[in-house]
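The values are calculated or read from the model by the stated rules, or taken from the named source; none is laboratory data. Quantities reported herein were computed from a predicted structural model and do not represent experimental measurements. Using ideal geometry, Cβ is built from the backbone for each residue, glycine included, and neighbour counts are taken over all protein chains shown. Only protein heavy atoms, including side chains, enter the accessible area calculation; ligands, DNA and RNA are left aside. Shrake-Rupley method; radii C 1.70, N 1.55, O 1.52, S 1.80 Å.
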Amino acid sequence: KIRDIRDTTTESEGLLRYSNNPALCIRDYLTNTRYGRSISTSDIDDTSFITAANYCDETVTIENVDQIRYGCNGVVNTDSTSIDNLTKLLTSCRGFLIFTGGKYKLVLDKIDSSTFDFTTDNMIGDLKKGVHL
């Protein structure tokens, strides 16, 4: 049972609920003082975890069966190193944990829209036809 940070009523009421959402499980492991890393919630970029959690919960159709995109089902081995546990958790959602701006951020490897367009204005050198690198 873990806290779903997307549900503000659980935070205020202190309720924990079952979830196999990888983003929520990773955040729980990072912040849990009993079996996790005891990282302060102020050091967590919750926006990135909420975005990731929503993406994990999206419904996808595989071979005519609707299911959640990513689920995390397993046991955290407290005898393993933190990096081993995090690596296993991150593989359940094709995730990367980065530390930037003083916070831990969860980024998922997913198809996204382009944020940069290549044009002749921002290319260096001449464009040559038929040249492959």
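First measure r as the distance between the Cβ atoms of I62 and R17, then evaluate 1/(1 + (r/R0)^6) with R0 = 35 Å and state the FRET efficiency to the nearest 0.05. Could you put the intermediate results ahead of the total?
Working: r = 26 Å, r/R0 = 0.74.
E(calc), rounded to 0.05, equals 0.85.
Residues of the chain: accessible area per residue at 1.4 Å, in Å²? It would help to have the intermediate numbers written out before the result.
On the way: 9570 Å² over 133 residues.
Heavy-atom accessible area per residue stands at 72 Å².
Under the shape rule built on the C-alpha gyration tensor, where the axes satisfy a ≥ b ≥ c, the range 60-127 is oblate, since a/c reaches at least 1.5 while a/b does not exceed b/c.
Please compute the contact order of the chain in relative form: average sequence separation of alpha-carbon pairs under 8 Å and at least six residues apart, divided by the residue count, as a percent. Provide the component values of the computation, followed by the final result.
Working: 155 pairs, mean separation 26.9, N = 133.
Relative contact order here is 20 percent.
The ellipsoid equivalent to the alpha-carbon distribution of the chain has semi-axes of 35, 19, 16 angstrom, derived from the gyration tensor eigenvalues as √(5λ) and listed largest first. A simple spin-label model places pseudo-atoms 7 Å from Cα toward Cβ; at N73 and I98 they are separated by 3.2 nm.
Model label sites at S80 and D121, defined 7 Å from Cα along the beta-carbon direction, differ in position by 4.9 nm. Here the range 1-120 exposes an accessible surface that is 49 percent carbon and sulfur, computed with a 1.4 Å probe and the other protein chains kept in place.
Could you pull out which residues in the range 89-122 have an amide N less than 20 Å from a spot 7 Å beyond the Cα of D43, following the Cα-Cβ vector? 89-90, 96-107, by backbone N distance to the label point.
Search the structure for amide H atoms under 5 Å from the amide H of I2, placed 1.01 Å from N in the peptide plane, and list their residues when 5 or more places away or on another chain. Residues meeting the amide H criterion: R17, Y18, S19. Sparsely packed loop sites in the range 28-133 (the chymotrypsin sites (Phe, Trp or Tyr not before Pro) outside DSSP H, G, I, E and B with at most 16 other Cβ atoms within 10 Å) comprise Y35, F116, F118.
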